Structure formats: structure tokens, C-alpha cells
Amino acid sequence: MSYDAKFRVWRGDIEGGELHDYTVEVNEGEVVLDIIHRLQATQTPDLAVRWNCKAGKCGSCSAEVNGRPRLLCMTRMSTFTEADVITVTPMRSFPVMRDLVTDVSFNYAKAREVQSFTPPPELKPGEYRMQQVDVERSQEFRKCIECFLCQNTCHVVRDHEENKEAFSGPRFLMRIAELEMHPLDVADRRDVAQEEHGLGLCNITKCCTEVCPEHIKITDNALIPMKERVADRKYDPIVWLGNKLFRR
Ligand code: SF4
Ligand code: F3S
Ligand code: FES
């Protein structure tokens with residue numbers, strides 16, 4: 001069963017751009033990325049869109065559909081009615097390169113600022129031992145496909161470009177929390193999270209969690225526990241002393 005859908009797609013580059021109207025065929029079972037590909041094949045061969053897996057696993061096809069941050073390959077056309085006008089725009093928090101493709105290098109820069117896994121110096125690879133419960137705790141965070149939809153959505157940078165320097169965003173605060181919870185990581189990440197990665201700017205609005213295509217509970221399972229660890233350190237002298245004397 002096919003029908004013609006009305007699409008509005010943002011076309012332009014860093015200098016500026018506008019929404020263009022198209023009418024495109026839609027077939028049963030298709031996703032928004034299929035329609036964008038059909039547009040490229042039939043009407044706009046120069047339309048830029050980033051994608052790789054078409055299976056919700058590479059994190060490349062992030063954009064906004066009717067204003068909602070989404071993976072284009074996981075947004076089913078069946079979620080819209082045939083009368084809907086579907087507007088596709090690039091992620092708003094990152095500079096546009098062309099059409100639906102944004103420059104996400106902000107995220108790579110922030111990733112590089114996170115100190116990597118730091119095991120005790122006396123342990124060699126192959127000697128690491130940890131309990132299954134600790135493995136499971138970080139497993140959820142490792143489902144991240146680095147689509148950066150959470151980074152795009154968090155209002156701390158979405159509405160305040162000037163915060164980008166001081167705020168690493170939910171994806172990388174989650175990475176810091178994952179390492180902080182790791183029983184074999186000896187780096188103390190609490191002060192760094194607060195002072196260098198801007199954990200204090202997160203006011204737990206949970207918008208990041210809402211848009212995560214992997215359904216990772218970013219706020220509840222990573223950001224809030226990390227905030228609690230920072231608060232313990234800062235405000236509770238007993239915990240602070242305990243941490244100093246008996247840390248792990
Ligand atoms: Fe994407 Fe979720 Fe990873 Fe954020 S945490 S980058 S929304 S998969
Ligand atoms: Fe932003 Fe998520 Fe915190 S949306 S404010 S990082 S809970
Ligand atoms: Fe890989 Fe959409 S194309 S997640």
C-alpha cells in the first residue's frame with residue numbers, strides 16, 4: 001500500500017538555509033530514512049544525509065523529525081498519518097555542514113577530555129577481577145551508540161551555546177559515572193566531573209533520557225548517582241574522611 005506524503009526538509013549550509021517542500025512516495029513498512037533516500041534518488045540527488053547501518057546501531061542518522069530528536073532509520077512512517085506534513089531538520093545544537101548533516105566534533109573533543117579507564121598500576125591486563133554485579137551495572141551504559149541525540153537535546157547547551165565549553169553533556173557525564181562506578185578504576189573523578197565537565201549545570205530535567213534510542217536511564221542511573229557521589233564528597237565530612245582512608 002503506497003501513498004504520497006508531504007515532506008518539508010531543511011536545505012542549506014552554515015551560511016543559512018530554509019525548509020523545502022516535497023511530495024514523496026511512501027510504501028508500507030518504511031522509515032523516514034527510506035523516504036529521504038527516495039528523495040535523493042528521484043528529486044534531490046545532492047541532498048546531504050549521514051547514515052550507515054539503517055538498523056539503529058551506528059548512531060549516524062540523528063536529526064529532528066517534527067522537532068523531536070530522532071534516529072531517521074528508526075522512525076517508522078506508520079507513526080504518522082497520511083495527512084501529516086513531516087518536517088525533517090538537522091540537529092539544532094551542532095553547526096550545520098550541509099542539509100541534514102551536522103558537525104558533531106564538539107562531542108569528540110569532549111570525549112577526549114575524559115580520562116580513560118585507569119586500573120591500579122600493580123595489576124596487569126589479564127589480572128583484572130570484578131564481580132558480576134559490577135559488570136552488569138556498567139553494561140547499560142555501554143549500550144550507547146554515540147548518536148549524540150542526548151547531547152543535542154539537553155537544554156544546557158541547546159539553549160545556551162556559551163555553555164558548551166564548561167559542559168560535557170549527558171553522554172560524557174554518563175561515561176565519567178560509568179568509570180567512577182568501576183571497581184577497578186582508581187582515578188578520582190568526582191571533582192573533575194563537577195569542576196571540569198559541568199555536572200553541576202545538569203538540573204536533572206531528563207530530556208536526555210527521553211530521547212535516548214537505547215533507552216539508557218542516563219539521568220537516574222548515571223547522572224543522579226554521580227551527583228550523589230559528588231555531594232557526599234563535598235558536604236559530608238565523615239564520608240569524605242572514609243573515602244580518604246578506606247577508598248575501595
Ligand atoms: Fe545516543 Fe543514548 Fe548514547 Fe546519548 S546515551 S549518545 S542518546 S545512545
Ligand atoms: Fe541535561 Fe539530561 Fe541533565 S537533559 S540537564 S543532562 S538530566
Ligand atoms: Fe545507523 Fe540510523 S543509520 S543508526
Legend entry - Residue of V104, V192, V135 that the Gaussian network model of the chain assigns the largest fluctuation, springs spanning Cα pairs under 10 Å: V135
Legend entry - Length gained when the stretch E165-I224 is fully extended (0.36 nm per residue, less Cα-Cα span): 19.1 nm
Inset, instruction - Could you tell me what percent of the accessible area of the chain is made up of carbon and sulfur, with a 1.4 Å probe and every protein chain present? - result: 51
Inset, instruction - Output the relative contact order of the chain, whole-number percent, from Cα pairs under 8 angstrom with separation of 6+ residues. - result: 16
Legend entry - Lysine pairs meeting the criterion (Cα under 26 Å, 8 or more apart or interchain), as found in the chain: 29
Legend entry - Cα coordinate range in the stretch 62-151, projected on the principal axes (Å, largest first): 63, 29, 15
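Contour minus end-to-end for H215 and C53, with contour as 0.36 nm per residue of separation and end-to-end as the Cα-Cα distance? Walk me through the intermediate numbers first.
Details: separation 162, 0.36 × 162 = 58.32 nm, distance 1.87 nm.
So the extension gain works out to 56.4 nm.
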Legend entry - 37 °C / 0.692 mPa s Stokes-Einstein diffusion coefficient of the stretch 152-195, Kirkwood radius on C-alpha pairs, µm²/s: 286
Inset, instruction - Rank these residues by their accessible area, most exposed first, probe 1.4 Å: E178, E146. - result: E146, E178
Inset, instruction - Taking only Cα atoms and a 10 Å spring cutoff, compute GNM fluctuations for the chain and point out the largest among R50, R112, R142. - result: R112
Legend entry - Rounded D (µm²/s) - the stretch 1-54, Kirkwood Rh over Cα pairs, Stokes-Einstein at 10 °C, 1.306 mPa s: 131
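With every protein chain left in place, what is the accessible area per residue of the chain in square angstrom, probe 1.4 Å?
Working: 13130 Å² over 248 residues.
So the chain comes to 53 Å² accessible per residue, rounded to a whole number.
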Inset, instruction - Work out how far the C-alpha atoms of the chain reach from end to end along every principal axis, then list the three figures in whole Å, largest first. - result: 68, 38, 29
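The values are calculated or read from the model by the stated rules, or taken from the named source; none is laboratory data. Keep in mind it's a predicted model, so treat the numbers as computed, not measured. Heavy atoms of the whole protein, side chains included, go into the accessibility calculation; ligands, DNA and RNA do not. Shrake-Rupley method; radii C 1.70, N 1.55, O 1.52, S 1.80 Å.
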